[in-house]
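Shown next, in structure tokens, is the structure this report addresses.
The values are calculated or read from the model by the stated rules, or taken from the named source; none is laboratory data. Here the structure is a predicted model, which is why all the values come from computation and not from measurement. As a convention, Cβ positions derive from the backbone with ideal geometry for all residues, glycine included, and neighbour counts pool all protein chains shown. Each accessible area value is taken on the protein alone, full model and side chains, heavy atoms only, with ligands, DNA and RNA left out. Shrake-Rupley method; radii C 1.70, N 1.55, O 1.52, S 1.80 Å.
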Amino acid sequence: MLKAADAEIDSMFGRRTLEGRSAIITGSTSGIGLGIAQAMARAGAAVMLNGFGDPAEIEGQRAAMAEENDVDVAFDSADMSSPEAIRMMVARAVARFGQIDIVVNNAGIQHVAPIGEFPAARWDAIMAVNLSAAFHLVQATYGQMQARGYGRIINVASAHGLVASPFKSAYVAAKHGLVGLTKVVALEGAEFGITANAICPGYVWTPLVEQQIDDQAKSHGIARDAVIRDVFLKNQPTKRFATVEEMGALSVFLCTSAAASITGAAIPVDGGWTAH
Ligand code: NAD
């Protein structure tokens, strides 16, 4: 899948479409963020990785991404729940790359519980990482995008930014909020060459989903296969998970000049889920 997607991206955009651009991608040590970072680096952008994980493993990913794509790749461990850490990450990225052209707000966490039992601390944490972090990162980078007349803001929302499911109050509220923030930034940035769009994935096979499959299999006492078929892919008409390569390809496209008129959009990449 990766090889086929890479070949297609190469032929669609040329290998160095984003040469000279630099990107901060939050939550890019894993899953969708890592897929987007790989696609951007492959397209020639300098990349600031961010997220949690094993330092040696992250350093291995960083070094390989830089070497394979002949681009500058840095890593910052800023906690997206801290506005101060976000501002410091931006300062380090500007010092290293000179400017920030692309911001991908992707870091996200989840907690599933009925509203009556939903822990207030989890609500606060999800709001901070899934919504407020995007505000702080946009605020810290917007001015220099405006001054240079180019900016691409990509917010990784979710199908749950468009529709709801039970037991995901904080996640659904934060992702709907992120779609709203996207529209406001799009309107404010429109005259300055800045676009802002939300990508709204359905279920994508990543560690976040892997964890939920295990949890649900345990709590319902059913097999993993049944959880995948009857819970996760029930409403996803393609009956397969979306891929991180698909998220990467769309993100690269949104950064091209061909996508300059796509702004304020919430783009479902959900195998038809929200078409129901
Ligand atoms: P993941 O768990 O594989 O990756 C999450 C990333 O965020 C990791 O790099 C992690 O270290 C980082 N992170 C978590 N908390 C952080 C914090 N406080 N500060 C900095 N980094 C932090 O998850 P994923 O499935 O790749 O999800 C990425 C985004 O896509 C999330 O916003 C998620 O809501 C969204 N999404 C995922 C799916 C899916 O099916 N996987 C569907 C729709 C939307």
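Data table
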| read-out | value |
| --- | --- |
| Whole-angstrom Cα spans of the stretch 72-120 along principal axes, big to small | 48, 18, 15 |
| Taking the C-alpha atoms of the stretch 119-229, convex hull volume expressed per residue in Å³ | 110 Å³ |
| Too-long pairs where the Cα-Cα distance tops 24 Å, listed order kept, from Lys183/Lys239; Lys183/Lys234; Lys168/Lys218 | Lys183/Lys239; Lys183/Lys234 |
| Dimensions in Å of the chain - Rg and Dmax from alpha carbons | 18.0, 56 |
| Local net charge near Trp273, Cβ-Cβ under 13 Å (Lys/Arg +1, Asp/Glu -1) | +2 |
| Cα-centred dipole magnitude for the chain, charges only on beta-carbon of K, R (+1) and D, E (-1), debye, nearest 20 | 540 debye |
| For the chain, calculated [θ]222 nm from helices alone, where every DSSP H run of n ≥ 4 adds -39500 (n - 2.57) | -15000 deg cm²/dmol |
| Local electrostatic count at Ala196 - Lys and Arg +1, Asp and Glu -1, tallied over other residues with Cβ under 10 Å | +1 |
| Carbon + sulfur, % of accessible area of the chain - ligands and nucleic acids excluded, 1.4 Å | 58 percent |
| GNM result for the chain, Cα springs below 10 Å: residue of Met12, Met80, Met48 fluctuating most strongly | Met12 |
| Added length on full extension, which subtracts the Cα-Cα distance from 0.36 nm per residue, Ser11 to Glu59 | 14.3 nm |
| Label-reachable residues, the stretch 46-80, where backbone N falls under 18 Å from a point 7 Å from Ala125's Cα toward its Cβ | 51-54, 78-80 |
| Gain in span if fully extended, Arg148 to Leu187, counting 0.36 nm per residue against the direct Cα distance | 12.3 nm |
| Helix 169-189 vs. the chain, principal-axis angle (Cα, 0 to 90°, nearest 10) | 30 degrees |
| Value of relative contact order over the stretch 94-147, rounded to a whole percent, pairs C-alpha under 8 Å and six or more apart | 48 percent |
| Relative contact order %, the chain, counting alpha carbon pairs below 8 Å whose residues are six or more apart | 20 percent |
| Relative contact order, percent, the stretch 24-132 [alpha-carbon distance under 8 Å, six or more residues apart] | 28 percent |
| Å² per residue, accessible surface of the chain at 1.4 Å | 44 Å² |
